[in-house]
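Have a look at the structure below, then the notes.
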């Protein structure tokens, strides 16, 4: 166990190092320099550009820029090129905005997909299963932005509640029940949208896991010795089918920083995704690279956690 | 992320099929209704996209997606043009705005036709690139895995590195930094989505490598690359085909998302995501600008997903027995 942890930590650190190099190269070798963002702006004189380049070490060779950048990042001193604010501070602020979306979305995904998937598996081939299958394909295939507009049209015309943004503009001194309901409405749509794809995929996966387990000999044995159906499904089959999902908790982790760019743009939600999008538009390299780096860390940490969880819950893996 | 996990865990594909391959395949496909529907829609879409390319390009196109008629803006679908205010070449070809007009009075039907080709080519070319890289890398990693462990390790570590990037964010960054063009989008989507195929092909090759026909080919003195590309890859195509079909769906969605954010094929060329994005300011006044391209994307992506999943069931005998 300890040797596994040690090995994978070393391996993941090496991977992370290469990720940092690759992302740095992608950003810096792409055509167009950040100092050319706004060539038509009369305030952007050649002297300004020169000072800008000096300030952010853009006149140095790439590998020196690289060391400067990651030295700053690891000591937490990176600043945005646009407004000279600390990148980590900005990310943290936006992260707190994205967090409720992520939490509600995750809860929706995990609470909805299990009942749907299990029921589909138990009544496989039946009307419910076929409908669930078709709907999950539909949800996988629908473009998020299109679905967002359908929901917006629906909610706005049927319930007459505003849904764009964090909260209704100028609602400041309303009574608290209204404030709470306002926040809930604003939170609901983006989280539902964030969860749709997850629900569709996860419920299919639950279904196939259940089918896999229901075909096993011990389930047949349980049935043959007269165990009631309910108990066969939920005690014998489900418990074993749950194994791979425990590990999936680790894979949720990258979603923390993912924050859908498209959905947050549509709903004017000041979250991570939107910040990243604005950074791309402004060619604010420190923010782009930091978001990339943090999300790579989360992906690696996620796989690490899921490997560990697997070893903890499944003694057959523990070697 | 979850989709990746679901893909990798699904049971392996097997080539040794009790039914004769071709005959069984056709019959099984016919039995799978959803997959047949998917295939049918795909064929129709293919024809429409080809027709659309022919009818909307050239100097004097049959359906001109670029004609601006400001006096006819935001007309609902199926409305008749006001003939008195239009010159003869501005009148829509069908005598009716089938899908209405947008805020510049351009015929949405003609624009949709033009956009179909973009979706189709982006989907196919991007997936073509990713499948090509995937087969190449996976084949080499799987075939040389035992004798040259370093090659295998190198390729698989590279796959791990690529999987660390948040894919849509990476694509968005690169596309935003590069000059806007359809080819850049295809290439970028292709270059960022080959990892799954590499893993499939490698896994397949690890088991194929031990089979007798490979040993026989090696004994005959066939060169390594010929064994990989002539003998082994055709046997490893089943999972690749499935993931490619679903990959096309994903690529079309990605392209639509990029167009929606304004990083797609540059205007005046129409794309489905672009039409939807232009129409978002009018969702309550002109919902057809949202619904026409939205449903088009949905139906096409759905058809690829249904066909791909059907293919997966058909090519996987383990799953088949259970139904």
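The values are calculated or read from the model by the stated rules, or taken from the named source; none is laboratory data. Note that this is a predicted model, so its numbers are computed, not measured. Because the Cβ atoms are built from the backbone with ideal geometry, glycine has one as well, and the counts that use them run over all protein chains shown.
Comparison of B:233, B:246 shows that the only residue that is part of a helix (DSSP H, G or I), crowded, with 21+ Cβ neighbours inside 10 Å and more than 8 Å from every other protein chain (Cβ to nearest Cβ) is B:246.
Residue-wise test of (1) modelled with pLDDT of 85 or more; (2) away from chain B (no Cβ under 12 Å); (3) under 24 Å from residue A:196 (Cα atoms); (4) not in a helix (DSSP H, G or I).
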| position | (1), (2), (3), (4) |
| --- | --- |
| A:257 | no, no, yes, no |
| A:265 | yes, no, yes, no |
| A:273 | yes, no, yes, no |
| A:277 | yes, no, yes, no |
| A:289 | yes, no, no, no |
| A:297 | yes, no, no, no |
| A:303 | yes, no, yes, no |
| A:309 | no, yes, no, no |
| A:315 | no, yes, no, yes |
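Taking the criterion of being over 30 Å from residue B:45 (Cβ atoms), within 14 Å of chain A (Cβ to nearest Cβ) and not in a helix (DSSP H, G or I), the residues of the range B:110-169 that qualify are B:164, B:165.
Table: residues versus (1) surrounded by fewer than 21 Cβ atoms within 10 Å (Cβ to Cβ); (2) at pLDDT below 90.
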{"residue": "B:207", "(1), (2)": "yes, yes"}
{"residue": "B:239", "(1), (2)": "no, yes"}
{"residue": "B:251", "(1), (2)": "no, no"}
{"residue": "B:271", "(1), (2)": "no, yes"}
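Annotation note: of B:91, B:125, B:108, B:159, the sole residue that is modelled with pLDDT of 90 or more and either touching a strand residue (DSSP E or B) at 6+ places or on another chain (Cβ under 7 Å) or farther than 28 Å from residue B:217 by Cβ (or both) is B:125.
When the residues of the range B:170-197 are narrowed to those that are in a loop (DSSP other than H, G, I, E, B) and within 14 Å of chain A (Cβ to nearest Cβ), which ends up nearest to the chain's Cα centre (by Cα)?
Only one residue fits best here, namely B:192.
Every residue, every condition in (1) within 30 Å of residue B:256 (Cβ to Cβ); (2) away from chain B (no Cβ under 14 Å); (3) assigned to a helix (DSSP H, G or I), yes or no:
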residue	(1), (2), (3)
A:101	yes, yes, yes
A:125	no, no, no
A:145	yes, no, yes
A:179	no, yes, yes
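Any residue at all in the range A:214-223 that is within 12 Å of another protein chain (Cβ to nearest Cβ), in a helix (DSSP H, G or I) and farther than 30 Å from residue B:283 by Cβ? Yes, the conditions are met somewhere in the range A:214-223. For the range A:195-206, indicate whether the set of residues that are on the phi > 0 side of the Ramachandran plot, within 12 Å of chain B (Cβ to nearest Cβ) and either without any contact (Cβ under 8 Å) to a residue 60 or more places away in the chain or part of a loop (DSSP other than H, G, I, E, B) (or both) is non-empty. No.
Within this structure, residue A:69 fails the test of being under 30 Å from residue A:299 (Cβ atoms), under 27 Å from the mean Cα position of the chain (by Cα), within 14 Å of chain B (Cβ to nearest Cβ) and modelled with pLDDT of 70 or more. Here residue A:168 qualifies as part of a loop (DSSP other than H, G, I, E, B) and within 18 Å of residue A:265 (Cα to Cα). Every listed requirement among (1) within 13 Å of residue A:204 (Cα to Cα); (2) within 14 Å of another protein chain (Cβ to nearest Cβ) is met by residue A:118 save one, (2). Regarding residue A:184, is this residue within 25 Å of residue A:273 (Cβ to Cβ), out of contact with any helix residue (DSSP H, G or I) (no Cβ under 9 Å at 6 or more places or on another chain) and at the interface with chain B (Cβ under 10 Å from one of its Cβ atoms)? No. Among residues of the range A:15-44 that are more than 7 Å from chain B (Cβ to nearest Cβ), those with a Cβ under 9 angstrom from a residue that is buried (at least 17 other Cβ atoms within 10 Å of the Cβ) and at pLDDT below 65, sequence gap 6+ or separate chain, pair up as A:44/A:35. Residues of the range B:78-108 that are free of Cβ contacts under 8 Å to residues at least 60 places away in the same chain, under 33 Å from the mean Cα position of the chain (by Cα) and assigned to a helix (DSSP H, G or I): none at all. Of all residues in the range A:237-255, those that are more than 10 Å from chain B (Cβ to nearest Cβ) and either under 25 Å from residue A:163 (Cα atoms) or assigned to a loop (DSSP other than H, G, I, E, B) (or both) total 1.
If you check B:225, B:213, B:200 for being over 33 Å from the mean Cα position of the chain (by Cα) and in a helix (DSSP H, G or I), only one passes: B:213. Only one entry of B:32, B:82 meets the criterion of being modelled with pLDDT under 85 and touching a helix residue (DSSP H, G or I) at 6+ places or on another chain (Cβ under 6 Å), and that entry is B:32. Do we have residue A:211 as touching a residue at least 24 places away in the same chain (Cβ under 8 Å), under 16 Å from the mean Cα position of the chain (by Cα), facing chain B (nearest Cβ under 8 Å) and surrounded by fewer than 23 Cβ atoms within 10 Å (Cβ to Cβ) here? No; evaluated as a whole, the condition is false for this residue.
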